[in-house]
Amino acid sequence: MKKEIIQSLTKTFEDYANITENKVEFWFARDLQHLLGYTKWDNFLKVINKAKTSCEASGNEIIDHFAEVGKMVQLGSGSKREVQDFMLTRYACYLIAQNGDPKKEAIAFAQNYFAVQTRKLELIEQRIKDWERLQARTKLSLSEKELSGLIYEQTGSDRNFALIRSKGDTALFGGKSTKQMKQILGVTGSRPLADFLPTITIKAKDFATEITIFNTREKSFSTEKSISAEHIKNNKGVRKLLLERGIKPEELPPEEDIKKLERRVKSEEKRLGKKPDKLS
């Protein structure tokens, strides 16, 4: 997510924030519905109800985070009527966002914005950066699992995947093998190289893998040689694109161990559910 978008969304979400007499932040559900891109209240209400269930399951009282209130709205005729609304704590907003589709930019932002109990923009930006790297790594794992199954299906061997992936790495990293890249980045033992790669490289590997999956199916490749040739070609193509943009994947510094990052993010989420600010 681009920095300008994060800054813009942060301002928008903060513009809709309210403060109780006890200095507790809250958002109105009707406003959050708009912020998250839900067009129908009935659909958003279903998400709210799921979030209430999650709130209760975490050991928190629903009433402390979801306070039902009435809201007067203007009708087309000029008259007014009262509609259902809720006052939502930051924790309630977080639970609602967690039940949304993270592929939607506003929801992905909200999942991280409400998880960070601060208004410091740099911390929100870092949280989203970490989240995007975790999402990319998960996506690559799924793609590689799909390719591994497809290779076994097509070639009848469960050993060919490691060989094909290694050849792809050598093509992506300009002739440097997976082993060499692990040495360069200080990756020890049997840990996967991808656990220490920056987001851009993880996504590059995933893109090449997705193309290999597609073409292996479309062109019915059935040998290690043919699938390897395809995977090498795709990684070289992705590398060419990166080089054109001034990015040499083999020269990028390592990132934090993805396992440590994952533990930290989960720890932050657990802390959010422990004694969160209440409406009353």
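The values are calculated or read from the model by the stated rules, or taken from the named source; none is laboratory data. Nothing here was measured: the structure is a model prediction, and the numbers come from that model. Cβ atoms come from the backbone with ideal geometry, glycine included; neighbour counts cover every protein chain shown.
With respect to residue 243, determine if the residue is at pLDDT 95 or above and touching a Pro at 6+ places or on another chain (Cβ under 7 Å).
When the stated conditions are applied, residue 243 does not pass them.
Restricting to the stretch 251-280, give me the number of residues that are surrounded by fewer than 16 Cβ atoms within 10 Å (Cβ to Cβ) and of a type in the set (Asp, Glu).
5
Tell me, yes or no, whether the stretch 213-230 has at least one residue that is closer than 18 Å to residue 135 by Cα and among the charged types (D, E, K, R).
no
So, in the stretch 145-169, exactly how many residues are out of contact with any helix residue (DSSP H, G or I) (no Cβ under 6 Å at 6 or more places or on another chain), closer than 14 Å to residue 193 by Cα and surrounded by fewer than 19 Cβ atoms within 10 Å (Cβ to Cβ)?
So the count comes out to 1.
Would you check which residues across the stretch 171-191 are more than 18 Å from residue 259 (Cβ to Cβ), without any contact (Cβ under 8 Å) to a residue 12 or more places away in the chain and either in contact with a helix residue (DSSP H, G or I) (Cβ under 9 Å, 6 or more places away or on another chain) or surrounded by 20 or more Cβ atoms within 10 Å (Cβ to Cβ) (or both) and list them?
Those that are more than 18 Å from residue 259 (Cβ to Cβ), without any contact (Cβ under 8 Å) to a residue 12 or more places away in the chain and either in contact with a helix residue (DSSP H, G or I) (Cβ under 9 Å, 6 or more places away or on another chain) or surrounded by 20 or more Cβ atoms within 10 Å (Cβ to Cβ) (or both): 175, 177, 179, 180.
Which of the following residues is surrounded by fewer than 16 Cβ atoms within 10 Å (Cβ to Cβ) and out of contact with any Lys or Arg (no Cβ under 9 Å at 6 or more places or on another chain): 52, 71, 104?
104
Which of the helices (runs of 4 or more DSSP H) contained wholly in the stretch 181-280 include at least 3 residues that are under 16 Å from residue 165 (Cβ atoms) and assigned by TED's automatic domain parsing to the domain that holds residue 166?
Ranges flagged: 199-218, 224-244.
Exactly one condition in (1) modelled with pLDDT under 90; (2) out of contact with any strand residue (DSSP E or B) (no Cβ under 9 Å at 6 or more places or on another chain); (3) of a type outside the set (Gly, Ala, Ser) is not met by residue 63; state its number.
(1)
Looking at (1) in a loop (DSSP other than H, G, I, E, B); (2) not assigned by TED's automatic domain parsing to the domain that holds residue 28, find the lone condition where residue 125 falls short.
Condition (1) is where residue 125 drops out.
Looking at 159, 137, which is the one that is out of contact with any Ser or Thr (no Cβ under 7 Å at 6 or more places or on another chain), more than 16 Å from residue 213 (Cβ to Cβ) and without any contact (Cβ under 8 Å) to a residue 12 or more places away in the chain?
None of the others qualify; the one that does is 159.
Report, by residue number, each residue of the stretch 231-250 that is surrounded by fewer than 16 Cβ atoms within 10 Å (Cβ to Cβ), aliphatic (A, V, I, L, M) and closer than 20 Å to residue 180 by Cβ.
Listed by number, the residues that qualify are 243, 247.
Which one is farthest from residue 251 (Cα to Cα), of the residues in the stretch 198-234 that are at pLDDT 95 or above and of a type in the set (Phe, Trp, Tyr)?
Looking at the filtered set, the residue picked out is 214.
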